[in-house]
Amino acid sequence: MRGRPLGSGKKLEERRLKAVEEVVKGGHAPIDVATRYKVKVGTLYRWLGKYHKDKKQGLKSRPTPGAPRRLSEAQLSRLEKMILKGAKAAGHPNDLWTCARLADLIKKKFGVQYHFNHVGKILARMGWSPQRPEKQAIEKDDKRVRHWVKRELPEIKKKPENSMPS
């Protein structure tokens with residue numbers, strides 16, 4: 001199931017109106033208009049029905065359902081600046097931001113509590129995504145690894161498997 005299309009309510013309203021006007025005033029075939037606007041033909045016919053019943057009022061956008069956002073755009077902007085300064089600047093021992101650390105930062109700076117699992121959605125709203133760092137041993141010696149892969153691994157592969165007696 002697909003969710004609500006991207007864009008503000010006003011933009012989506014304009015899209016619906018343009019599509020309907022292409023059919024009603026422009027004389028274009030509904031299938032062509034639906035394809036152009038990337039909607040199902042049934043959706044376009046629903047828009048046409050609302051338009052014929054209430055004209056432009058029928059295509060007006062409605063408020064987005066759900067709870068109101070707890071962080072404003074200004075607060076998200078401030079949060080992004082804090083994230084870009086790094087986790088060390090926020091008092092952590094390293095510069096790795098985790099969702100739990102970000103949830104703590106949001107609570108401390110804005111007084112809004114989120115479960116750390118929800119922080120990924122906030123990051124997505126900001127145009128970011130949570131990332132898992134690659135795990136790599138601190139002691140890793142790339143030169144020795146290359147040598148092992150080039151010299152020792154082929155020797156290991158050449159040896160026949162120890163077969164167990166049946």
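The values are calculated or read from the model by the stated rules, or taken from the named source; none is laboratory data. Keep in mind that what you see is a predicted model, and the values were worked out from it rather than measured. Reconstructed Cβ throughout: ideal geometry from the backbone, glycine too, with neighbour counts over all protein chains shown.
The residue list 112, 119, 149, 145 contains one member that is under 30 Å from residue 8 (Cα atoms), among the β-branched types (Val, Ile, Thr) and in a helix (DSSP H, G or I), which is 119. For residue 12, the criteria (1) under 24 Å from residue 125 (Cβ atoms); (2) touching a Phe, Trp or Tyr at 6+ places or on another chain (Cβ under 7 Å) hold in every case but one, which is (2). Criterion applied to 21, 13 was being in a helix (DSSP H, G or I), of a type outside the set (Phe, Trp, Tyr) and touching a Ser or Thr at 6+ places or on another chain (Cβ under 6 Å), and the one residue passing it is 13. Cβ-Cβ distances below 8 Å connect the following pairs, each with a first residue in region 86-104 that is without any contact (Cβ under 8 Å) to a residue 24 or more places away in the chain and in the same structural domain as residue 119 (by TED's automatic domain parsing), a second residue that is among the acidic types (Asp, Glu) and surrounded by fewer than 17 Cβ atoms within 10 Å (Cβ to Cβ), and a separation of six or more residues or different chains: 86/95; 87/95; 88/95. Scanning region 132-166 for residues that are surrounded by 10 or more Cβ atoms within 10 Å (Cβ to Cβ) and either at pLDDT below 75 or among the aromatic types (Phe, Trp, Tyr) (or both) turns up just one, 148.
Only one of the numbered conditions (1) of a type outside the set (S, T, N, Q); (2) touching a Gly at 6+ places or on another chain (Cβ under 6 Å); (3) surrounded by fewer than 13 Cβ atoms within 10 Å (Cβ to Cβ); (4) assigned by TED's automatic domain parsing to the domain that holds residue 20 is not met by residue 38, and that is (2). Note on region 76-86: among residues that are exposed (fewer than 13 other Cβ atoms within 10 Å of the Cβ) and within 19 Å of the chain's Cα centre (by Cα), the one that is nearest to residue 106 (Cα to Cα) is 77.
Within region 46-75, being surrounded by 13 or more Cβ atoms within 10 Å (Cβ to Cβ) and either closer than 22 Å to residue 7 by Cβ or of a type in the set (A, V, I, L, M, F, W, C) (or both) holds for 46, 47, 48, 50, 51, 56, 58, 59, 60, 61, 69, 71. The residue that is modelled with the lowest pLDDT, counting only those in region 34-80 that are farther than 20 Å from residue 24 by Cβ and part of a helix (DSSP H, G or I), is 73.
Reported count of residues in region 96-131, each being within 19 Å of the chain's Cα centre (by Cα), farther than 17 Å from residue 84 by Cα and loosely packed, with under 10 Cβ neighbours inside 10 Å, is 1.
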